[in-house]
């Protein structure tokens with residue numbers, strides 16, 4: 001059974017790589033995926049040009065869903081441990097999202113609409129939840145959560161806003 005799962009994953013990666021290459025040739029979007037462990041899930045859509053996506057998942061049962069529509073947007077997601085999930089949607093130009101999660105049962109949602117927005121989420125521990133939503137231009141938002149059970153919900157709209165949320169125990 002393990003061999004069958006490994007072969008299925010290998011074929012899925014080959015199909016995805018072929019799809020990414022075709023899209024890259026047409027629109028110069030870039031996709032880099034590195035998954036180790038088992039039970040990883042990934043759903044990605046890029047529309048537009050020069051969008052970048054880098055996903056690294058280590059451990060088991062992680063989930064990532066990304067949608068990028070526009071130009072020169074970038075998403076980086078790194079997850080380690082078990083059962084972490086990330087949802088990143090970007091619509092516009094030159095938006096950047098970085099999500100890093102280590103531990104168990106962490107969830108991050110980052111939604112950006114507009115241009116030149118940046119969001120970073122770092123969660124270490126277990127049971128964290130971060131929801132971010134930015135609309136407008138030139139906004140920056142960061143969430144850092146350590147320990148267990150922290151929750152942050154941040155919404156910014158307009159131009160030139162900056163927010164930083166740091167929560168946790170050591």
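The values are calculated or read from the model by the stated rules, or taken from the named source; none is laboratory data. Computed from a prediction, not measured in an experiment: that's the story for all the values here. Positions of Cβ are backbone-derived with ideal geometry, glycine not excepted, and every protein chain shown enters the neighbour counts.
So how many residues does region 43-77 have that are at negative phi and buried (at least 19 other Cβ atoms within 10 Å of the Cβ)? I'd like the intermediate steps shown before the answer.
Quick first cut of region 43-77, residues at negative phi only: 43-47, 49, 51-58, 60, 62-69, 71, 73-77.
Cutting the leftovers down to buried (at least 19 other Cβ atoms within 10 Å of the Cβ) gives us 44, 46, 51, 53, 55, 57, 62, 64, 66, 68, 73, 75, 77.
The number of residues fulfilling the criteria is 13.
Which of the residues that make up region 156-170 are surrounded by 12 or more Cβ atoms within 10 Å (Cβ to Cβ), farther than 18 Å from residue 111 by Cβ and at pLDDT 95 or above?
Keep residues of region 156-170 that are surrounded by 12 or more Cβ atoms within 10 Å (Cβ to Cβ), which gives 156-159, 161, 163, 165-168.
With the extra rule that they be farther than 18 Å from residue 111 by Cβ, the set shrinks to 166-168.
Those that are surrounded by 12 or more Cβ atoms within 10 Å (Cβ to Cβ), farther than 18 Å from residue 111 by Cβ and at pLDDT 95 or above: 166, 167.
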Inset, instruction - Return yes when residue 121 is buried (at least 18 other Cβ atoms within 10 Å of the Cβ) and more than 19 Å from residue 71 (Cβ to Cβ) and no when it is not. - result: yes
